[in-house]
Structures are given as structure tokens and as C-alpha cells.
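Worksheet: one structure, shown below.
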Amino acid sequence: MKNLIKNLFAVEEVSAHCDGPCGVYDPADARIKAEAVLSMTKKILAMEAPDASDAAAVVAYNNTMSRYIAIKEEQAHGTKTDILVLWTDFFKPVHLEANPDLHNIIWNATKLCSACKTSVSLENAEALMAAVENIHNIFWAAKGRDVAFVKAS
Amino acid sequence: MEKYPENAGFIEYVLLLLGRRKRIRVTGASMLPGLNDGDELFMDPYAYVDTLPEEGDIVVAWHPRQADLKIIKRVSLVLDNGYWLVGDNPAESSDSSKYGPFALKRILGKITSRA
């Protein structure tokens, strides 16, 4: 009886797939994370240490600073992962022919991700944004589309 | 322990007849171990008309990047700016960890039972 009722209606498929069949890539993933790295770097540099005698203020300062550092660390690593996924999964030999310096560009961009983790440097964070913008331009040129590099912040 | 839908009782089949449920079939492995490739479920497309998704709900949503692709995920977090949807099997899932939160309007319904 239940099957009789059920079979009166069409069944709709919903996907519980991974990256495999999706094949959708977008350097926006790396851009958002690199923006977070830049934002956290600015926030860390703008922090002012409280008077050491004010215990509550020191605790609050340490907590906020720790959170900024943790987010910077996490987002820099995420930026690196996103760039590497584009490199290994999206870019093909034909793209390398059009951009002979692609491997070097990726290598330098991912090195910058590491530099942003180990340092608190506005220069490195801004250089990472520029590197991601460069990859964005190469990516969309490879797809034959003109997509503006729009930042969220 | 994640909660998985129970087998549909007769009421669910009556609701299907009344158009209050839809038949859904899972493809892929991102909802393992509870939901397997090929499992059939019932979805309530009106579940979030009067109430909002809650953490733990299994929902069907539009894929954020691929037009016409519907995906099945679990609500992991309710945020100010949407819902954090994840697969129960993160190693095999593209979800909010990649795409960010899902707006309510992208969520199509709630899984209510196993057909």
C-alpha cells in the first residue's frame, strides 16, 4: 500500500557529492580568505597593549590578540589551500602554455601565505592580496571571461 | 550522535498524497554513514514557512555555484547571516566550509523521514 502511494509520485534526486562531479572553481574562495588575513594583520598592528597592572585588561587584550592571530593563521592556510586546489585541479597544460610563469606565480603566492602566518606584516598581507588578484586575472582569462576583482571589505 | 530520519509512518504517505511531502533520492557519499547513495527520503517543502531551520535538521538546498543542482546537507550552525550546512561525511562533502553560509531562501525543505 505504501509503495503504491509512493510510486504515484516522481522521485527527485539530491546530490550528496564531493568536489569530484562539481568541477566548480572560483578564486573568490582565496580572495575572501586573503582579505581576512589582511584585515587581521591590520587589527593586530592596531592593538595597544594595556597597563600590565590592569589584570582584567591584560586578559581581554591577550584573548583578543590570540583570536586575531588564530584567525590570521587559519585564513592564511586556507588561502594557500584554495590556491593549491586551483593549481592542481583547475589549471591544465594549455593554461601553462598561455602563462609560462604560472608555476612560479603559484609558488610565490603560497610562499606569501606562509610569510603571512609567520609574520605580522602589512607589506606581506598586501602582497598576498596582489598575488591573489593576479591569479584571479589568470583564472578568468583562462575561462575567457572578464570578471572584476571585487573585494568584500 | 547525529540524528537520522526514521522510517515513514502511514501519516507521511498521507501527507505525500496531500502534496505536503516530496520524494527525494540521495546520490553520493557526503551524508554517510547515516544516508547512503540511493536512499529514498521524504522532504517537507513547507517546513520553514512558519518555523526556521534548527541545528541538526537535514535539509535540501540549492547549490551555491551550480544552477539547478539540489544538495542535501545538515544544519550545523544557525548564524545571523544564514545557515552553516555541512555533510555528515566531511571528507566527501562540498559545503559551507567552502561556500560559506546559506541564505534561508536557498533552503528548499526539511527531510522528515525515510521512505
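Using a 1.4 angstrom probe and counting only protein chains, how large is the accessible area of residue B:14 in Å², to 10?
For residue B:14, the solvent-accessible surface is approximately 50 Å².
Going by a ≥ b ≥ c, the root eigenvalues of the Cα gyration tensor, does the protein assembly as shown fall in the rounded group (a/c under 1.5), the prolate group (a/b larger than b/c) or the oblate group? Before the final figure, lay out the partial values.
Working: a/c = 3.04, a/b = 1.61, b/c = 1.90.
Cα axes put the protein assembly as shown in the oblate bin.
Could you sort B:46, B:83, B:4 by accessible area so the largest value comes first, with the probe set to 1.4 Å?
Most to least solvent-accessible, the answer reads B:46, B:4, B:83.
Amide H to amide H under 5 Å from residue B:108: which residues, 5+ apart in sequence or cross-chain, H placed 1.01 Å off N in plane?
Under 5 Å from the amide H of residue B:108 lie the amide H atoms of B:60, B:61, B:62, each far enough along the sequence or on another chain.
Between residue B:102 and residues 5 or more places away or on another chain, which pairs have amide H atoms under 5 Å apart, with H built 1.01 Å from N, and which residues are they?
Amide H neighbours of residue B:102, under 5 Å, 5+ apart: B:83, B:84, B:85.
Ignoring ligands, DNA and RNA, please state the percent of accessible area on region B:10-114 from carbon and sulfur, probe 1.4 Å.
52
Give me the one-decimal nm value for the distance between modelled label points at residue A:105 and residue A:65, 7 Å along each residue's Cα-to-Cβ direction.
With each label placed 7 Å out from Cα toward Cβ, I get 3.9 nm.
Residues in region A:64-101, backbone N under 16 Å from the label point at residue B:81 (7 Å along the Cα-to-beta-carbon vector): list them, ranges by number please.
A:75
Run the dipole for the protein assembly as shown about the Cα centre, Lys and Arg Cβ at +1, Asp and Glu Cβ at -1, nothing else charged, and hand back the magnitude in debye, nearest 20. If you can, show how the numbers build up before the last one.
Numbers: 30 positive and 35 negative charges, 128 e Å.
Computed about the Cα centre, the dipole is about 620 debye.
Please work out how much length the chain gains when fully extended from residue A:133 to residue A:11, using 0.36 nm per residue of separation minus the C-alpha to C-alpha distance, in nm with one decimal.
Extra length from residue A:133 to residue A:11 when fully extended: 39.6 nm.
Please turn the phi angles of region B:48-54 into ³J(HN,Hα) values with the Karplus equation 6.51 cos²θ - 1.76 cosθ + 1.60 (θ = phi - 60°), one per residue in order, whole Hz, x for glycine and proline.
10, 6, 9, 10, 10, x, 10
Which one, A:63, A:119, A:136, is farthest towards the positive end of the dipole of region A:9-153 when Lys and Arg carry +1 and Asp and Glu -1 on their Cβ?
My answer, from the dipole projection, is A:119.
Going through the cross-link list A:117/B:3; A:42/A:143; A:117/A:151; B:3/B:98, which pairs have a Cα-Cα distance over 32 Å in this structure?
A:117/B:3; A:42/A:143
Just to check I understand the Karplus step: with θ = phi - 60° and J = 6.51 cos²θ - 1.76 cosθ + 1.60, what whole-Hz values come out for region B:27-40, glycine and proline as x?
10, x, 10, 6, 10, 5, x, x, 10, 9, 4, x, 5, 9
How many Å² of accessible surface get buried when A and B come together, counting both sides, probe radius 1.4 Å, rounded to the nearest 100?
2600
Using the Karplus equation 6.51 cos²θ - 1.76 cosθ + 1.60 (θ = phi - 60°), what ³J(HN,Hα) coupling, rounded to whole Hz, does each residue of region A:108-120 give in order, writing x for Gly and Pro?
5, 5, 6, 5, 5, 4, 5, 4, 5, 6, 7, 10, 10
Mind checking B:62-74 for the average number of partner chain beta-carbons within 10 Å of each residue's beta-carbon?
For peptide B:62-74, the averaged partner shielding equals 3.
Treating the beta-carbon of each Lys and Arg as +1 and of each Asp and Glu as -1, no other charges, what is the dipole magnitude of region B:10-114 about its Cα centre, to the nearest 20 debye?
Details: 14 positive and 14 negative charges, 74 e Å.
About 360 debye.
Got a sec? Charge dipole of chain B, +1 on Cβ for Lys and Arg, -1 for Asp and Glu; which of B:15, B:66, B:78 is way out at the positive end?
B:66
Is the shape of chain A rounded, prolate or oblate, going by the alpha carbon gyration tensor and its root eigenvalues a ≥ b ≥ c, with a/c under 1.5 for rounded and a/b larger than b/c for prolate?
oblate
Can you give me the % of accessible surface on region A:1-145 that is carbon or sulfur? Probe 1.4 Å, all protein chains present, nothing else counted.
Using a 1.4 Å probe with all protein chains present, region A:1-145 comes out at 57 percent carbon and sulfur.
From the protein chains alone at 1.4 Å, what is the descending order of accessible area for B:49, A:58, A:120, largest first?
I get B:49, A:120, A:58, largest accessible area first.
State, to one decimal in nm, how far the label point of residue B:25 lies from the label point of residue B:37, with both points 7 Å from Cα in the Cβ direction.
1.4
Excluding residue A:74 itself, what net charge comes from residues whose Cβ is under 15 Å from its Cβ, given Lys and Arg +1 and Asp and Glu -1?
+3
The values are calculated or read from the model by the stated rules, or taken from the named source; none is laboratory data. Predicted model, so just to flag it, every value in this text is computed and none were measured. With ideal geometry, Cβ positions are generated from the backbone for all residues, glycine too; neighbour counts draw on all protein chains shown. Accessible surface is based on the protein model in full, side chains and every heavy atom, while ligands, DNA and RNA are left aside. Shrake-Rupley method; radii C 1.70, N 1.55, O 1.52, S 1.80 Å.
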